[in-house]
Every structure is written in C-alpha cells, then in structure tokens.
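Reading through the structure tokens given below for one structure.
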Amino acid sequence: MPMNPTRKRRLTIVLAILAAAAVAAVLVVLALQNNMNYLLTPSQVQSGEAAGYKTFRLGGMVKAGSIQRSGDSLKVTFTVVDAGGAMPVEYTGILPDLFRDNQSVIATGHMDGARFVATEVLAKHDETYMPKELKDAMAKAHEGKQVKEAENESGMENR
Amino acid sequence: MTPELGQLALILAMLLALAQSILPLVGAWRGNRALMAVARPAAAGQAVFVAMAFGILAWAFLRFDFSVQYVADNSNLALPWYYRFAAVWGAHEGSLLLWILILNLWTMALVTFSQKLPEVFASRVIAVMGLIAVGFLAFIIFTSNPFGRLLPMPGDGADLNPVLQDPGMTMHPPMLYMGYVGFSVAFAFSIAALLGGELEQAWVRWARPWTNLAWAFLTCGIVAGSWWAYAELGWGGWWFWDPVENASFMPWLAGTALLHSALVMEKREALKIWTVLLAILAFSLSLLGTFLVRSGVLTSVHAFATDPSRGIFILGILTIFIGGAFTLFAFRAPALKSGGLFAPISREGALVLNNLILTVSAATVLVGTLYPLLLETLTGDKISVGPPFFNLTFGLLMAPLLIALPFGPMLAWKRGDLLGAFQRLYVAAGLALVAAVILFYVQHGGPVLAVFGLAAGFFIVFGALADLWYRAGFNKVSTSVAFQRLAGLPRSAFGTALAHLGFGVTVLGIVAVTTFETETVTEMKPGMAVEAGGYTVTFDRMMAAKGPNFTEDRAHFTLSKGGVDMGEVWSSKRLYTARRMPTTEAGIRSFGTSQLYVSLGDPMAEGGIVVRVWWKPFILCIWIGALVMMAGGFVSLSDRRLRVGAPTRRTKSVKVALEAAE
C-alpha cells in the first residue's frame with residue numbers, strides 16, 4: 001500500500017523516536033546495573049547484608065578518638081559506628097574539611113576481610129544537615145526508639 | 001521599616017496575584033474586556049509589593065536586624081556588606097523570595113512588551129504568570145516566611161554558610177532563576193494557546209525570543225555554579241552529576257531543544273505540537289529543579305538548610321502545574337494543526353535529530369536523578385547513582401550529536417543535500433582531525449579514544465566558522481564582497497554560529513581536561529617541590545592570617561618552569577569563626593586556558609602538610625565555551641526580526657517582521 005507523504009513522515013519520526021528511546025533504555029539499564037551503590041550501616045554489614053555487593057557505601061558516625069593517621073603516608077584509619085555496630089575503615093588521601101570525631105560520614109568502597117577500604121569519604125555538609133538517607137538507614141538498622149526520637153527532633157526542625 | 005511590613009506586602013502581593021490570574025481568565029472566557037483589563041495593573045501592583053518585601057529583607061540584612069530569624073541565621077556582624085546582600089538568597093526562604101521577584105521581573109517585561117498581542121491572548125498569558133505567582137507566594141507565606149521574628153534578639157548572627165561566601169555563589173542563584181523562571185514565559189504562552197485552542201504563527205515569533213533570553217541566563221547560571229563548585233569546594237572538579245546540578249541541567253537541555261524546535265515551527269510551521277510540549281516540559285523541569293534543590297528529598301552534597309515538610313507543599317505545586325498543563329495538553333493538542341512537510345535529510349530533519357538526542361539525554365539524566373528516590377520509596381533500599389552512570393549514558397547519547405551538529409546548518413530547509421554538506425565540511429573535518437592529533441601528541445598521554453573527542457570539538461568549532469564562510473559566500477565571490485555580505489548577515493546567523501562554536505570549545509575543554517589532567521597528592525615540608533604540567537611547585541612556608549569573619553592558615557607556593565620564576569600561589573584552610581566551620585580555599589593560577597590548582601589537606605608532623613596539586617589543561621575552555629554560547633543567545637536576540645525591546649521602533653519592526661514572515 002503506498003503511503004502518503006504525511007504518513008510516511010510520521011512513521012519515520014515515530015521510528016526514530018522509538019529507536020532513540022530503545023537505545024537510551026538499554027544504556028540506562030546497563031549503566032544502572034554497574035553503577036548503583038547501596039548505602040549500608042556498620043550493623044547491616046555485620047549482619048551480612050553487604051554480601052553480594054562489590055562496592056557499596058558505608059554510612060555512620062566517626063567514633064570519637066578512632067582517627068589515626070599514619071606518620072609517613074596519607075593513610076588514615078578510623079572507625080565508623082552506628083548504634084548497633086562498628087566497622088574499621090581505611091582510607092588513603094585527603095579527608096573532607098568537615099571530617100572529625102562524631103561526624104556523620106558516608107564512605108564509598110569495598111570490604112577487605114573485616115576492614116572497609118574506602119575510595120571516597122564524604123562528610124555531612126554543615127552542622128545542621130544530616131543526609132536524610134543516612135538518617136533513615138540508621139533508623140532502619142536499629143529500629144531503636146531513642147534514635148528515632150532524637151531524629152524526629154533534629155530532622156523535622158533543622159534549627 | 002519593620003519586617004512585619006514585608007510579611008504584609010507578601011500577602012497583598014498574593015491577593016493581587018489572585019486577581020491577576022482569575023479575573024482575566026474569566027474575562028477571556030466570557031469575552032469581558034473589563035475583566036481582561038485587570039491583568040496588567042494587577043501584575044504591576046503585585047510587582048511593587050514583591051519588590052517591597054525583597055527590599056525590606058535586604059534592608060534587614062544590611063542593618064544587622066538579628067531580630068529576624070532568617071537574618072540571624074544567615075549573617076553576622078563580621079560579614080562584609082556584599083555578602084550580607086547576597087545572603088538574602090543564601091538559604092531557603094530568601095531564595096524563594098528571589099524566585100518570586102524574578103518571576104515578577106519577567107511578568108513586567110511581558111506586560112510592557114505584549115501590548116501588540118491580541119488582547120484575549122495577552123490577558124491569558126499574564127493570567128498564567130499570575131497563577132504561578134500565587135503558587136509560590138502561598139508557599140512562602142504558609143511554609144517559608146523569611147520575616148519570622150527571633151525574640152529575644154541575639155547579639156550576633158550565626159553567619160552565612162561559609163561555602164556560599166564566594167563571588168560565584170552570589171551570581172549563581174539570580175542567573176539560574178532568571179533562566180528557570182524565564183521558561184515560565186514560554187510555558188504561559190503555551191497554556192494560553194492551548195486554552196484558546198489555536199496556535200498562531202505569532203505565538204512562536206513571540207515565544208522564541210523570551211525562551212532565547214531565558215536560555216542565555218540559564219547558561220550563565222550553570223557556568224557560575226560550576227565555577228563555584230570548582231573554585232570553592234576544593235575538590236578540583238567542575239561537574240559532579242550531583243542532583244542539584246542535574247536539576248539545573250535538565251531544564252537547560254529541554255530549553256536548548258525548545259530553541260531549536262521553535263525554529264522549525266517558525267520557518268516551516270512543522271513540529272507545532274512538539275514545540276508546545278517542549279515549552280511545558282522545560283518549565284516543568286525548572287519547577288522540578290526548584291523542588292529538588294529546595295525540598296531536601298534527595299541526598300546532595302550541597303543541600304543546605306533542608307526541611308522535608310516543605311516537600312509536600314512543593315509536590316502539590318508540581319502536581320497542579322505540571323499535571324494541569326499536561327492534562328490541558330492532552331485534551332487540546334490534537335486540535336492544533338501541523339504544517340510543512342520535509343524529507344528526513346533536511347534542516348528540519350537535522351533539528352528533529354537534535355531534539356531527539358537532547359530530550360532523550362535529558363530523560364536519562366532524569367532517570368539517574370530520580371531513580372534512587374523512586375527505589376527508596378518502593379523498596380526502602382538506599383542507593384546512589386554515581387558519575388559513571390551519567391558519563392556512560394549521557395556521553396554515549398551525546399556522541400552522535402557532536403558529529404551531526406556541523407551538518408545541520410549546512411542542510412537546506414525541506415530537502416537537504418547531504419553530499420553537498422560533506423563537500424563543504426571535509427576541510428573542517430580534516431583540519432579538526434589534524435588539530436586533535438597535534439594536541440594529543442603535544443600533551444602526550446591518555447587514551448587514544450580522546451583523539452576522537454578532541455576532533456569532535458574542533459570539528460564543531462571549524463564547522464561553525466565554515467557555516468559563516470559559506471553564508472557570506474567566500475567560496476563564490478571576491479573577498480571584499482564576501483566581507484560585506486558577512487557584515488550584512490542577520491544577527492541570528494552570528495548567534496547560531498557563536499552558540500555552536502562555544503559548544504565546540506566547551507567540548508574541547510571537557511575532553512582535554514578529562515584526558516590530560518594530572519593529580520599529585522603528597523605530603524610536603526617547607527622547601528619541597530612537586531612537578532605538575534611542566535611547572536615546579538615549591539612549598540615555602542605556612543603563615544596565619546585573619547579575614548573579616550575567618551582565620552586561616554595560608555600556604556605560600558612559588559612556581560617556576562625550567563628554573564624561570566613564574567610567580568606564586570597562595571592556598572589556605574579557613575576556619576569561619578561564627579560557625580566553627582572549616583573550608584578549603586584552593587590556590588588557582590591560570591596559564592592561558594590551563595590552570596594549576598593547589599589545595600591543602602591536613603597538617604602533618606614537623607611543619608609538613610598534605611598538598612594536592614592538579615594540572616588542569618584547557619579547563620577554562622569549558623566555561624569560556626559556555627559563555628560564548630550565552631553570548632550567541634544574546635546576539636540572536638538582538639536580531640531585528642526578534643527584537644523584544646526598542647519600544648519607540650517597535651511598531652515598525654513588528655510590521656517588518658510580519659511582512660517578512662508572509
């Protein structure tokens with residue numbers, strides 16, 4: 001059946017849109033499979049939830065007094081804690097400005113035995129701000145009443 | 001002036017905005033001219049009261065009125081006056097006030113320059129602007145009052161977030177909002193056209209320059225934000241694919257697509273429905289951008305001052321405006337007639353390809369930004385999608401655009417000659433490849449694939465120049481005649497060429513800095529030196545210094561190349577005293593378009609310090625290219641045919657434009 005020019009043009013455009021969308025969808029799915037990082041707390045990791053993830057993000061507080069710098073290199077070790085667990089972390093490089101004791105941090109990296117080797121460490125952005133997802137993850141990890149109450153106070157009202 | 005007056009002004013502004021939106025809509029519907037005539041004076045009244053509210057807040061900052069909670073939270077006795085003024089939009093409440101102020105600027109520009117539009121259409125457009133104002137004013141008044149009191153009044157304020165105390169950051173929000181909010185004009189035009197059920201050719205002649213202006217501002221805003229992140233955060237990166245950055249980038253992509261599809265609509269009366277849809281999309285993404293930055297729903301490195309409860313309200317605004325617009329579109333769009341035919345290989349075809357790639361890549365950015373949020377809502381899993389995701393998807397999707405771009409302007413409308421375009425471009429392509437190979441060889445290092453990226457950048461630059469070359473006819477007529485013709489080309493031709501050229505320069509900068517940059521992280525003691533980009537960076541000493549509201553440890557570095565002194569650079573770690581907040585101030589030194597970037601880490605034993613030294617070759621090209629793109633937008637806008645301004649000559653130029661279009 002011969003097609004009139006309008007229909008032919010429409011068909012071309014629709015096919016082009018479908019092709020572009022298909023290419024994009026395939027790319028997105030592939031890229032998501034390889035580049036998605038889960039956020040876990042130390043207690044979640046210790047209960048085995050990190051099994052199966054090569055790279056993930058570890059979130060929690062820096063344990064007071066746990067920061068140790070190696071004298072001759074840029075290696076730093078510290079412990080990240082949440083209410084139910086603790087995880088030793090090793091990192092080589094420059095830590096963010098706000099990194100200090102009792103600071104909430106998110107480290108990206110992988111497990112090496114019982115240690116977490118970080119490739120990137122982020123600290124919370126200012127005093128009044130705690131990443132919401134970190135707060136939620138910590139709450140979910142312990143389901144602890146105290147933690148939740150504390151969060152409701154600090155979370156809803158940021159000042 | 002007491003802050004309560006500001007609150008009162010906002011309430012009055014909202015009442016006027018209600019009048020500005022409801023009465024003219026009813027008037028346009030019933031054909032009542034008296035009701036339609038309310039639109040302009042109501043808009044003017046609203047603008048006066050919003051400006052008043054903004055002025056009162058700015059005044060409270062300038063005279064240290066810490067009895068206002070917002071002022072106390074975001075300024076300090078030691079904060080210099082220019083940062084106190086910029087602090088007006090330094091946090092949530094004030095930045096919304098800036099948003100609404102800019103909305104009023106755009107509305108007033110519309111009111112002034114729309115007097116030649118048909119009355120029914122103009123009053124609908126102004127009414128839609130009024131509706132947007134109602135939404136945002138209600139949001140400010142009910143959830144985010146910047147004039148709330150703090151009693152008893154504290155002796156000093158908590159200071160502006162130190163990372164915002166930077167020239168880039170003072171520029172960034174106003175420019176960005178000029179862009180975001182500017183898309184509301186095209187949006188209002190679309191809604192008004194859909195309400196009226198007819199899409200005049202005049203629609204696009206009016207909507208395009210406004211979009212052009214908004215797009216240029218948005219480009220500038222993104223540049224300022226990117227420069228700020230680079231210079232102020234001290235991480236040496238210029239783009240992080242952070243949700244907040246994506247929030248500004250998506251409207252830009254949609255707006256860029258809109259500029260190009262509006263061109264097809266104006267010249268060929270095709271793609272009408274699509275253009276209206278893009279206008280709605282661009283503003284929807286702008287609203288989403290405001291939502292993403294201001295609700296704190298997404299994790300983000302620069303989400304400061306967040307309050308999830310406000311998210312509900314913005315979600316409501318989003319639902320009403322985006323949902324309403326798309327519903328209206330679904331009902332009314334089929335009534336719009338679509339026009340001119342064209343072959344796939346043609347100027348129109350090239351612009352369709354442009355639109356396809358831009359919208360699809362905007363969609364992937366949207367997926368990457370919202371997918372984590374969606375997954376968390378559905379399954380409770382917390383994930384993050386990092387830069388590799390965006391680099392892979394966005395990068396691959398953009399690749400065909402880079403190659404196709406120079407061909408577009410070479411193709412004729414309706415039916416183009418691809419072979420002819422090849423013949424005109426092979427010199428540019430050849431030169432681009434040679435330039436890329438030379439650059440790659442000189443810089444040595446990096447993956448060979450980078451040659452193609454560099455060649456693509458050069459190809460776009462040379463292609464834009466070739467476009468002007470052939471338009472002026474340098475290949476056909478004598479050089480002097482060609483120069484005369486070049487001078488006589490319409491400004492929009494230069495605008496196109498400049499914007500494309502700028503894009504090529506940006507691509508070059510991105511590829512070059514990604515491929516050739518070097519990073520050294522090391523502990524340095526006084527007297528030690530590191531090499532970067534052929535320069536020797538020697539650490540001399542640390543010294544303590546004091547600024548108006550901070551103390552700092554400054555490190556002094558001397559630069560040399562082959563034994564020749566090349567100057568010095570200071571890099572410091574600051575402690576802002578009011579918030580006890582440390583920041584890193586990178587030391588940046590430019591050599592041509594390349595930069596040395598020195599930032600400090602932790603102090604070590606025996607006077608040593610961790611130092612991070614980057615060599616960033618051609619990095620300035622990224623921002624220079626984007627600014628050239630912006631300039632292209634402004635040059636296009638100055639084209640006689642599209643001129644928005646020039647009130648005294650307007651009658652004449654509109655007539656000329658109408659005649660030219662016929």
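The values are calculated or read from the model by the stated rules, or taken from the named source; none is laboratory data. In this text the structure is predicted, and so the values were computed from the model without any measurement. All Cβ positions, even for glycine, are placed from backbone atoms using ideal geometry, and neighbour counts span all protein chains on display.
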Report summary line: B:Phe459: passes all of (1) on the phi > 0 side of the Ramachandran plot; (2) under 28 Å from the mean Cα position of the chain (by Cα); (3) not small (Gly, Ala, Ser) but (1)
Report task. Could you tell me whether the range A:54-62 includes any residue that is modelled with pLDDT under 85 and touching a Ser or Thr at 6+ places or on another chain (Cβ under 9 Å)? Result -> no
Report task. Within the range A:31-46, count every residue that is more than 7 Å from chain B (Cβ to nearest Cβ) and surrounded by 14 or more Cβ atoms within 10 Å (Cβ to Cβ). Result -> 7
**Report entry** Any hit, the range B:449-458, residues being in a helix (DSSP H, G or I), free of Cβ contacts under 8 Å to residues at least 24 places away in the same chain, under 30 Å from B:Asn246 (Cβ atoms) and of a type in the set (Phe, Trp, Tyr)
**Finding:** yes
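State which residue is nearest to A:Asp97 (Cα to Cα) when the search covers only the range B:613-627 and only residues that are assigned to a helix (DSSP H, G or I) and β-branched (Val, Ile, Thr).
The selected residue is B:Ile622.
Per-residue answers, yes or no, for (1) of a type in the set (D, E, K, R); (2) buried (at least 21 other Cβ atoms within 10 Å of the Cβ); (3) at pLDDT below 90:
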{"site": "B:Ile345", "(1), (2), (3)": "no, no, yes"}
{"site": "B:Leu353", "(1), (2), (3)": "no, no, no"}
{"site": "B:Val365", "(1), (2), (3)": "no, yes, no"}
{"site": "B:Thr377", "(1), (2), (3)": "no, no, yes"}
{"site": "B:Lys382", "(1), (2), (3)": "yes, yes, yes"}
{"site": "B:Pro387", "(1), (2), (3)": "no, no, yes"}
{"site": "B:Pro400", "(1), (2), (3)": "no, no, no"}
Report task. Could you list, in sequence order, all residues of the range B:565-612 that are more than 22 Å from B:Trp623 (Cβ to Cβ), among the basic types (Lys, Arg) and assigned to a strand (DSSP E or B)? Result -> B:Lys573, B:Arg574
**Report entry** Selection from the range B:474-491 of residues that are outside any helix (DSSP H, G or I) and hydroxyl-bearing (Ser, Thr, Tyr)
**Finding:** B:Ser478
Query raised in the report: If you go through the range B:529-550 one residue at a time, how many are free of Cβ contacts under 8 Å to residues at least 40 places away in the same chain and in a strand (DSSP E or B)?
Result: 10
Requested in this report: Considering (1) free of Cβ contacts under 8 Å to residues at least 12 places away in the same chain; (2) within 30 Å of B:Asp159 (Cα to Cα), say which one B:Leu62 fails and leave the rest.
Outcome: (1)
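Being more than 25 Å from B:Ser226 (Cβ to Cβ) and without any contact (Cβ under 8 Å) to a residue 12 or more places away in the chain narrows it down to one residue among B:Asp553, B:Asp565; which is it?
Details: B:Asp553 fails: without any contact (Cβ under 8 Å) to a residue 12 or more places away in the chain.
Checking each option against the conditions leaves just B:Asp565.
Here is a list: B:Ala86, B:Ala37, B:Ala43. Which entry is in contact with a Ser or Thr (Cβ under 7 Å, 6 or more places away or on another chain), at pLDDT below 95 and of a type in the set (Gly, Ala, Ser)? It would help to see each step written out before you state the result.
On the way: B:Ala37 fails: in contact with a Ser or Thr (Cβ under 7 Å, 6 or more places away or on another chain); B:Ala43 fails: at pLDDT below 95.
Exactly one residue qualifies, and that residue is B:Ala86.
Could we say that B:Leu79 is part of a helix (DSSP H, G or I) and under 29 Å from the mean Cα position of the chain (by Cα) here?
Details: part of a helix (DSSP H, G or I): no; under 29 Å from the mean Cα position of the chain (by Cα): yes.
It is false that B:Leu79 is part of a helix (DSSP H, G or I) and under 29 Å from the mean Cα position of the chain (by Cα).
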Query raised in the report: Does any residue of the range A:87-101 turn out to be among the acidic types (Asp, Glu) and modelled with pLDDT of 90 or more?
Result: yes
Requested in this report: Could you figure out which of (1) closer than 20 Å to B:Arg63 by Cα; (2) aliphatic (A, V, I, L, M); (3) touching a Leu at 6+ places or on another chain (Cβ under 6 Å) isn't true of B:Ile140?
Outcome: (1)
Query raised in the report: Somewhere in the range A:2-19, is a residue assigned to a loop (DSSP other than H, G, I, E, B), more than 8 Å from every other protein chain (Cβ to nearest Cβ) and surrounded by 15 or more Cβ atoms within 10 Å (Cβ to Cβ)?
Result: no
Report task. From (1) out of contact with any Phe, Trp or Tyr (no Cβ under 9 Å at 6 or more places or on another chain); (2) surrounded by fewer than 20 Cβ atoms within 10 Å (Cβ to Cβ), pick out the condition that doesn't hold for B:Ile126. Result -> (2)
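Being within 30 Å of A:Gly60 (Cα to Cα), assigned to a helix (DSSP H, G or I) and more than 8 Å from every other protein chain (Cβ to nearest Cβ) is true for just one of B:Leu374, B:Leu431. Which residue is that? Break it down into steps so the answer makes sense when it comes.
Values: B:Leu431 fails: within 30 Å of A:Gly60 (Cα to Cα).
Of B:Leu374, B:Leu431, the one residue that is within 30 Å of A:Gly60 (Cα to Cα), assigned to a helix (DSSP H, G or I) and more than 8 Å from every other protein chain (Cβ to nearest Cβ) is B:Leu374.
With respect to B:Arg580, is the statement that it is at pLDDT below 90, over 14 Å from B:Ala529 (Cα atoms) and either in contact with a Ser or Thr (Cβ under 9 Å, 6 or more places away or on another chain) or within 14 Å of another protein chain (Cβ to nearest Cβ) (or both) true? Spell out the reasoning first.
Details: at pLDDT below 90: yes; over 14 Å from B:Ala529 (Cα atoms): yes; either in contact with a Ser or Thr (Cβ under 9 Å, 6 or more places away or on another chain) or within 14 Å of another protein chain (Cβ to nearest Cβ) (or both): yes.
So B:Arg580 fits the description; yes.
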Query - So B:Trp238, is it of a type outside the set (A, V, I, L, M), within 25 Å of B:Leu366 (Cα to Cα) and assigned by TED's automatic domain parsing to the domain that holds B:Leu287 - result: yes
